[in-house]
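The values are calculated or read from the model by the stated rules, or taken from the named source; none is laboratory data. Predicted, not measured: the structure shown is a model, and the values here were computed from it. Here Cβ is always computed from backbone atoms with ideal geometry, including for glycine, and neighbour counts include all displayed protein chains.
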Amino acid sequence: MPLMSHSPSEASVGAATGPLTGLRILDLTDERGIYGAKLLADLGAEVIRLEPPGGDPLRQRGPHLERAGSPDVSLWHAFFASNRKFVTVDLDASAGRSQVRRLAGWADIVLDTIGEQSASGAPIPTLEAAGLDADALLGEKPGLVVVRVSSFGPEGPWRNYLAPDLVASALGGICATTGDRDTPPLKLFGELAFALSGAYAAVAALAALRHARETGEGQIVDVPVHECIASCLEHVFMFYWYHDRMPYPEGAVMPRRGSLHWSSAYVVMQALGGSIMVTPTPDTEAQVMWLAEEGAHGDLLDERWSQPGNYFAWVRRLMELLREWVATKEIEPFFFEAQARHAPFGWVLPPERIADNPQLEARGWWTPYDLAGTTVRGPGAPYRFSETPWQMQAYGGPGRDTASVLAEIGWESRP
Amino acid sequence: LTGPLEGIRVLDFSHVLAGPFATRLFGDMGADVVKVMPAFRAVGSAGPPHPYHAMWNRNKRALSLDMSTPDGQDIGRRLAEKADVVVDNFAAGVLIRLGIGYEEVSVTNPGVIYLQMSGMGEGGPWSGFVTYAPTIHALAGLTYLTAVPDREDIGIGFSYNDHASGLHGAVAVLAALDARLRTGRGQRIDVSQFETGVNLAGPTLLDLFANGRAARPVANRLPYDDAAPHGVYPCAGAKSDAIQDERWVAIACMKEDQWLALRRVMGEPAWAAELKFASSTARVANLEALDRLVAGWTRTQLAEEVMERCQQAGVPAGVVQNGADMAEADPQLRHSSFLMELDETVPGLPRTFADRLPLHFHATPANVYRRPRLVGEDNATVMSDWLGLPASEVDRLAAEGTLT
C-alpha cells in the first residue's frame, strides 16, 4: 500500500540552513560522482546541475513514480539529484558553452566527470564537452577547486575502459568477495559502489576547499572510482599482504563464502520465521554461558578444547552449536533478547520492515520528498548536525531553474 | 609536500574500523591525528602489530592515555580543549561520563567539532544496540538485497558499511569545519551507522513509499532498468579447482550499440541474431537463455582476453579481480602505485603495506605515509606539541600509569 500524502506542508521548504550555506558548486557528475554532489547539496550548498536539452539522461533511471496523473519522475534521480538547481545548456551552441564557462567562474567548486558515461541518452555536460580546460579555469580563478571523477584516472592503460557499476565492482574487488560458492560472484544491490566514489568526491571537494580558504590556492583533484572501491575492501588486501600472520588456512585470497565473515565468527543463520546474523563476539564467554543456561552448550566446556592449538576448532564447534540452537528460536523475541544481552546479532530485514523501523521512527529520520506536487516519504540525513541541520527542498523537472540562474550570473540572452 | 588538512588537530578515540577509517582519511590528508590507545585497549586486532590494526592506522600518532582515572580524564580534557575535531565511536554518552563531552569542552573550546559514530545514533529504542558492520548490513536491508533470489544468507562479503560510515563522517566533519569559518562555532555531529546504511538504499525506499513495491534481490541484474547481458560469467584458465582460483568476467551492455558490438566480439553466433534477443526488453525477458549462451562463449575464453576484446570494441567488461589479481596483475593500480610497501615496518611485522588515499590532489599531494605506531610511541611528542608538557612531566604521567 502506498504510504503517501499530498500535503505540500509536509515538505520542508525554506532557506537553507546547512553547514555549507553560501558555497557555490557546479555539478557535472554522472552516476560515478552524483552521490557526492548530493551530499554537498543536502548540506546546504547552492548546487547547479547542468543538463542537456531533452533532460539529464539520469532522469531515465528507474524506479519511476507510478501514479496516474503525475508527470514522469525518476525516483532514482529525485534521490541523487536532490536539492539542486536544474539548468539546461546546449553545448552544440556557442552560447551554451559560454554559459558553462560563466558558471565555472561563478562556482567555488566544480564537480566534473572524465570519460564516457554509462547512461543512455545525451551525455551530461562536462568541462571537456564544453571545450573548457580545468587548468585554464584555474589560471583565471586561482582559488577554484575542480574535482574530476573518472573510472580509472586520467592516465594509465585502462583510462578509456568503460566501467558501469557491475564492471567497476568486478575490477575493483567487490564481486570476488561477495556471493557464495554456489552463486556467481555478485555485485552489491543498487548504487553502493558508486556511493563510495561519490562520497570520496565530496571529501576531496571539501578538503581542497579548506586548503583554498586557508591559502587562496585552488587545485584539481582526481578521483578514480577504481581506487576508491579498492580502498574500501576491508580484509582483501590484509589477507593478500599478511596471510602468513593470520590463523586461517585460506591463503592470500579469501574465497567468496556467503555471509561467513573473514574471521569465521559472523554468519547468517536460520531461525524460526526469519534469518539472523549471529556472532559469539565480542564477549564469547557470555555467549557460551547463554547456551549453557539453556542446556545447548554441548561439549563446549570440555577440558580438551583448552589445549593449545584447539581454539579455532573450538570456534567452529561453537558456530555449529549456535546454528542448531538458533534454528529452534522465534526470530523476533530472539533478536531482541540477544541485543538486550549486548550480543551484536542482526535480524536480516527486507526493505518493507525498514519502513516501520521503531528506531528510525523515534529519531524522526524519514524526510518528506516533494516530487512535482506529490509528497512521498523518503530517506533522511546520513548524519545529524546540532547547529546546522540538513534540509530537503522540492525536487524539480528538467531545466526548472535555467532562467533564474542565468539571471543570477548576469547572462543576457542576445537573440 | 603536504596535504590539504595540514594544521587540523584530531583527537581520535575510535576503534575497529568505521571511526578509524574516517581518521585515516584525515591523517592521509595531513591532519595531526592523535589516536588514544592505552595498552589495555590495544589487544588482538585492535592494536599493533595485528595486520587489521596496520590497515587502518597509518598516519596517526599513538597516545597511551588511560581515561579511566581522574588524572587521565584531566589530560583528556586538556587535549580536547586543543582539538579541532574529536572523534569517537563509543556508545552514546561515554565521553560525557568521562567528563569530556561536547557541552563541557565547548565552553572553553567553542570551535571544537565532535563526531560521534555510533551504531544506532543517539536516542531511540535501539540506541543501546551493539553493532558491527555485519549487524548493520542485516538490519539496514543490505544483506537481504545483495543476494540471488530466495537466499537471505549471502549479503556483502566485507565490512562495506564501516567504510561508508567513515566516509560520511569525514564529509560531515569537513562541512562543519567550513561552517565554523562563517559562524565561529563548532558543533556535534551524530552519525548513526544504521541510518547511513539505510540511506544508501534511497531509490528503493522511495519506490516502496511511492509505489508500494518492496525490492527483492536480483543477483547481478539491474533492479529497475533493462540492460542485458548484465552479468558475471565463468571463464577458462582456473589454475585449480579451488573456488578462489575460479576465473570470471563481468559484462554489462548498457546500450544497444554495446550489445551489437558484443555480438561482433563473439563472432556473430547465429543465436545472437534471434528475434528473442533483438532488444534490451526482449533480452531481459529471455535472460536465462541469454546468460547461458553468453556463458557458453566465455567458458572457452580467458577473462583477461574477454575484457580486452570487449573494451577494444566499446563493450563494458572487466575481470572479476581478487586481491592477488589487483596486487599482481592490475596495470592501472600499478600505474598509480596504489599499493605500496612502507619504508619503515611496524615492529613485530616483517613488512608493512598500505593502499594509497584514492584522491589525487594536484597542489597538496598528500603522499606522506607513516607507519602505524606502537602503544605510547608518541606520548612525549604529543604531550609537548599539544600541551607544552616537558619530558619530565610525561615521565611522571608514565610512572603513575596515566600513560600506560
- Task: Count, please, the residues in the stretch B:43-52 that happen to be surrounded by 21 or more Cβ atoms within 10 Å (Cβ to Cβ) and in contact (Cβ under 8 Å) with a residue 40 or more places away in the chain.
- Result: 3
- Task: Of the conditions (1) among the aliphatic types (A, V, I, L, M); (2) out of contact with any Asp or Glu (no Cβ under 7 Å at 6 or more places or on another chain); (3) exposed (fewer than 15 other Cβ atoms within 10 Å of the Cβ), A:ILE354 clears all except one; give me its number.
- Result: (3)
- Message: Cβ contacts < 9 Å: first residue touching a residue at least 24 places away in the same chain (Cβ under 8 Å) and closer than 12 Å to A:LEU26 by Cβ, restricted to the stretch A:48-62; second residue among the hydroxyl-bearing types (Ser, Thr, Tyr) and part of a strand (DSSP E or B), any location; separation 6+ or different chain. Result?
- Response: A:LEU50/A:THR88
- For A:VAL315, state whether it is of a type in the set (A, V, I, L, M) and either more than 14 Å from chain B (Cβ to nearest Cβ) or not in a helix (DSSP H, G or I) (or both). no
- With a cut-off of at least 2 residues that are within 23 Å of A:GLU227 (Cβ to Cβ) and modelled with pLDDT of 95 or more, name the helices (runs of 4 or more DSSP H) lying wholly within the stretch B:1-105. B:18-28, B:51-56
- Name every residue in the stretch A:372-415 that is basic (Lys, Arg), touching a strand residue (DSSP E or B) at 6+ places or on another chain (Cβ under 7 Å) and within 30 Å of A:GLY54 (Cβ to Cβ), in order of residue number. A:ARG400
- Could you grab me the full set of residues in the stretch A:108-126 that are more than 21 Å from the chain's Cα centre (by Cα) and buried (at least 24 other Cβ atoms within 10 Å of the Cβ)? A:PRO125
- Within the stretch A:175-185, is even one residue farther than 30 Å from A:VAL253 by Cβ and either in contact with a Lys or Arg (Cβ under 7 Å, 6 or more places away or on another chain) or at pLDDT 95 or above (or both)? no
- Task: Answer yes or no: is there a residue in the stretch B:82-95 that is buried (at least 24 other Cβ atoms within 10 Å of the Cβ), of a type in the set (A, V, I, L, M, F, W, C), within 22 Å of B:PHE158 (Cα to Cα) and in contact (Cβ under 8 Å) with a residue 40 or more places away in the chain.
- Result: no
- Give the residues of the stretch A:164-190 that are more than 17 Å from the chain's Cα centre (by Cα) and more than 7 Å from chain B (Cβ to nearest Cβ), sorted by residue number. A:ASP182
- Task: Collect the residues in the stretch B:179-216 that are more than 7 Å from chain A (Cβ to nearest Cβ), assigned to a loop (DSSP other than H, G, I, E, B) and surrounded by 20 or more Cβ atoms within 10 Å (Cβ to Cβ), keeping them in residue-number order.
- Result: B:GLY186
- Name, by its number, the condition in (1) acidic (Asp, Glu); (2) closer than 30 Å to A:GLU31 by Cα; (3) surrounded by fewer than 19 Cβ atoms within 10 Å (Cβ to Cβ) that does not hold for A:GLU250. (2)
- Message: I'm trying to understand the selection: among the residues of the stretch B:345-355, which are more than 7 Å from chain A (Cβ to nearest Cβ) and either under 13 Å from A:SER231 (Cβ atoms) or touching a Gly at 6+ places or on another chain (Cβ under 6 Å) (or both)?
- Response: B:ALA354
- Picking from A:ARG245, A:ARG181, A:ARG213, the residue that is under 30 Å from B:GLU6 (Cβ atoms), surrounded by fewer than 24 Cβ atoms within 10 Å (Cβ to Cβ) and charged (D, E, K, R) would be A:ARG213
- Note on the structure: Going through the stretch A:358-406 in order, the residues found to be at the interface with chain B (Cβ under 8 Å from one of its Cβ atoms) and in a loop (DSSP other than H, G, I, E, B) are A:ARG363, A:TRP365, A:PRO379, A:GLY380, A:ALA381, A:PRO382, A:TYR383, A:SER386, A:GLU387, A:THR388
- Item | Meets criteria (assigned to a helix (DSSP H, G or I), more than 7 Å from chain B (Cβ to nearest Cβ), of a type outside the set (Asp, Glu) and surrounded by fewer than 24 Cβ atoms within 10 Å (Cβ to Cβ)) for A:ALA193 | no
- Only one residue in B:TYR144, B:TYR102 is touching an Asp or Glu at 6+ places or on another chain (Cβ under 9 Å) and either at the interface with another protein chain (Cβ under 10 Å from one of its Cβ atoms) or more than 24 Å from B:LEU174 (Cα to Cα) (or both). Which one? B:TYR144
- Some residue of the stretch B:134-153 being surrounded by 22 or more Cβ atoms within 10 Å (Cβ to Cβ), of a type in the set (Ser, Thr, Tyr) and not in a helix (DSSP H, G or I): yes
- Query: What residue, of A:SER94, A:SER118, is farther than 14 Å from A:GLY399 by Cβ, of a type in the set (S, T, N, Q) and within 11 Å of chain B (Cβ to nearest Cβ)?
  - Reply: A:SER118
- Query: Which of (1) buried (at least 23 other Cβ atoms within 10 Å of the Cβ); (2) within 27 Å of the chain's Cα centre (by Cα); (3) touching a residue at least 60 places away in the same chain (Cβ under 8 Å) is the odd one out, the single condition B:VAL315 does not satisfy?
  - Reply: (2)
- Note on the structure: Residues of the stretch A:216-232 being buried (at least 23 other Cβ atoms within 10 Å of the Cβ) and either hydrophobic (A, V, I, L, M, F, W, C) or in a helix (DSSP H, G or I) (or both), in sequence order, are A:VAL221, A:VAL223, A:VAL225, A:HIS226, A:GLU227, A:CYS228, A:ILE229, A:ALA230, A:CYS232
- Quick one: is B:ARG151 among the basic types (Lys, Arg), more than 7 Å from chain A (Cβ to nearest Cβ), in contact (Cβ under 8 Å) with a residue 24 or more places away in the chain and at negative phi? yes
